[in-house]
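Asker: A single structure is presented below for examination.
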Amino acid sequence: FSLTNKSTVGGGSGSDNSRNQNQIINYLVSEDSSSSSSSSIRRASLPGHNTNKKYHENTSVEVEVKRDYPTLTSPKEARDVWLSYIWKKGGGLAAWVVPNDNGSCNPDTDITFDVDDEKSKNKNTKLPHRRLILPLFMEEELISIDDCDEDESNEVVLKYIVTDAGLLSSEIVPFTHLGTVIFRVNPDSEEQEGITMTWDVSFDVTESSRQSFWQAFTNKMITDASDNLSSYVATPTVYTRRTELVNKRDLTPKQAMEAWIDFCWKSGGGLPLPPPLCLKQDDNKVRWIIPPFLKERLISATCRSTGGESYGSVCEIQYTVDNPSIVTYQVYSHFGRIRFSNSEQRNDDVNEVISSDSTSLPQPSSSSSMPATLDMIWEIEIRPYRSCSSFVKSFTSMIVSTYARNFACHFSEGDTMVSLKPPRGEFGGESIIRLRKDSWIGGVLYAHLNDNRSVLEQTISMLQPWTWGR
């Protein structure tokens, strides 16, 4: 293959630069594997490397970052995840990555790799070996990837170079920026579980006075991308909420599931937002929540028998978020599961927890003094962005608790309305406004009308909107 000729790079003609680029790449690709594992890159001996005296010895930038990924099982899997998340998507940095192959083909990097994207029907995706990073207009190219089709390999190495520094061309010496990423089986693990990644980056800068700045900047970018990758492959955080539905109408779990789809999925669940936009061409299995233009997809809605008519069945809804992002929902993945079943428990408490593991639910207890109930168990698995973890957990808890509270009201009381009358409800007169009790604002109004706390306590509560309606 040949790189795109650029007459402005290196100050020579287009043909000279093309030959120079190919010499560098051929040198790097043929470099001994033992030297590729070294953290020190011998850039001074690269063909075409500028050894002019104006480039001082203290202009070299060398960064090495190591991270352990205990959830990854093989170097090949780690390589595929790195290519999918960091090379193709930018690694969560403030940059936009654009494939920039321009029809060229590199036999050393023209491979397919496994992706973990649930939306992809074809799990083997062609790898763009050249990319353009915006807004810097920097071009990078993969020049060497270990060909390991089997998972038994204990080490996988890949290399990339900067072929055009773009807006940083005046700062980075041409053809000196080299990155080497090595994935090894964790040597510190007795059972050889987990993968250790070593990411080396080295290049020369044109001015020694700015060497310390570029050293710190490069270390920050590589560290952030590596840490973001840790969040990307982390064990999902599990949120579990259990709600008892008062079954006044003696409905089955299947009917409860259908009611949830109609009320929560299609109508919005009483949240203070416009109703979601459900796509009829997808049988209402895809919906858009606007704002923030969040796309959710209903995976399945099934029922199964639990062994006898005396107990009934368990029905389950599964759904996912198709377009999580920094704008829509700050997670790498979101998978929801809602189960409906008969319950012998008579307890109005609602249990919720956010933890890294599923939480065991309370065991049922028998009682005959209260109406029959159904259990609704809502479980969500999320992998939040590293910098948004606390916010995402609180936000998810708030949204799901509101959905569950509104649906519990809708399930037991139907279309009950709440009326606001002057001066405050019980003094007669025409209603000023009537709201559905199973909506968020209706629940807030109902709680306010039945609030017997002191004026001071109610005033303080007004400054705590997350407690309204609870």
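The values are calculated or read from the model by the stated rules, or taken from the named source; none is laboratory data. This one's a predicted model, so the numbers in the text were calculated from it and none came from an experiment. For neighbour counting, all protein chains shown are included, and Cβ atoms are generated from backbone atoms with ideal geometry for every residue, glycine included. Note: accessible area is taken over every heavy atom of the protein model, side chains too, but ligands, DNA and RNA are not part of it. Shrake-Rupley method; radii C 1.70, N 1.55, O 1.52, S 1.80 Å.
Asker: Checking the structure you have, find out if any residue of the range 401-411 is of a type in the set (A, V, I, L, M, F, W, C), under 30 Å from residue 232 (Cβ atoms) and at pLDDT 90 or above. Reasoning before the result, please.
Answerer: Quick first cut of the range 401-411, residues of a type in the set (A, V, I, L, M, F, W, C) only: 404, 407-409, 411.
The next check asks that each one be under 30 Å from residue 232 (Cβ atoms); those that pass are 404.
Applying the additional criterion that residues be at pLDDT 90 or above yields 404.
Among the residues of the range 401-411, at least one is of a type in the set (A, V, I, L, M, F, W, C), under 30 Å from residue 232 (Cβ atoms) and at pLDDT 90 or above, which makes the answer yes.
Asker: Also: Return the residue satisfying two criteria in turn: it lies in the range 323-332 and is open to solvent by 30 Å² or more (accessible area, probe 1.4 Å) and among the polar types (S, T, N, Q), and of such residues it is modelled with the highest pLDDT.
Answerer: Taking the range 323-332 first, the residues open to solvent by 30 Å² or more (accessible area, probe 1.4 Å) are 323-327, 332.
This time we only want the ones that are among the polar types (S, T, N, Q), so: 323, 325.
On the way: 323: 93, 325: 90.
Looking at the filtered set, the residue picked out is 323.
Asker: For residue 248, indicate whether it is modelled with pLDDT of 95 or more and either charged (D, E, K, R) or in a helix (DSSP H, G or I) (or both). Spell out how you get there, then give the answer.
Answerer: On the way: modelled with pLDDT of 95 or more: no; either charged (D, E, K, R) or in a helix (DSSP H, G or I) (or both): yes.
Spelling it out, it is not the case that residue 248 is modelled with pLDDT of 95 or more and either charged (D, E, K, R) or in a helix (DSSP H, G or I) (or both).
Asker: Which ones in the range 266-289 are open to solvent by less than 60 Å² (accessible area, probe 1.4 Å) and of a type outside the set (D, E, K, R)?
Answerer: 268, 269, 270, 271, 276, 278, 279, 284, 286, 289
Asker: Do the conditions hold for residue 234, that is, is it modelled with pLDDT of 95 or more and either open to solvent by 20 Å² or more (accessible area, probe 1.4 Å) or assigned to a loop (DSSP other than H, G, I, E, B) (or both)? Reasoning before the result, please.
Answerer: Working: modelled with pLDDT of 95 or more: no; either open to solvent by 20 Å² or more (accessible area, probe 1.4 Å) or assigned to a loop (DSSP other than H, G, I, E, B) (or both): yes.
In short, no.
Asker: Another question, if that's okay. Report whether or not residue 341 is over 25 Å from the mean Cα position of the chain (by Cα), modelled with pLDDT under 95, surrounded by 14 or more Cβ atoms within 10 Å (Cβ to Cβ) and more than 25 Å from residue 436 (Cβ to Cβ). Show your work before the answer.
Answerer: Working: over 25 Å from the mean Cα position of the chain (by Cα): yes; modelled with pLDDT under 95: yes; surrounded by 14 or more Cβ atoms within 10 Å (Cβ to Cβ): yes; more than 25 Å from residue 436 (Cβ to Cβ): yes.
Criteria met by residue 341.
Asker: Given 361, 298, 294, which one is at pLDDT 90 or above and either farther than 30 Å from residue 230 by Cβ or touching a helix residue (DSSP H, G or I) at 6+ places or on another chain (Cβ under 7 Å) (or both)? Break it down stepwise before answering.
Answerer: Numbers: 361 fails: at pLDDT 90 or above; 294 fails: either farther than 30 Å from residue 230 by Cβ or touching a helix residue (DSSP H, G or I) at 6+ places or on another chain (Cβ under 7 Å) (or both).
Among 361, 298, 294, only 298 is at pLDDT 90 or above and either farther than 30 Å from residue 230 by Cβ or touching a helix residue (DSSP H, G or I) at 6+ places or on another chain (Cβ under 7 Å) (or both).
Asker: Another one. Regarding the range 309-322, can at least one residue be identified that is at pLDDT below 95, of a type in the set (A, V, I, L, M) and under 18 Å from the mean Cα position of the chain (by Cα)?
Answerer: no
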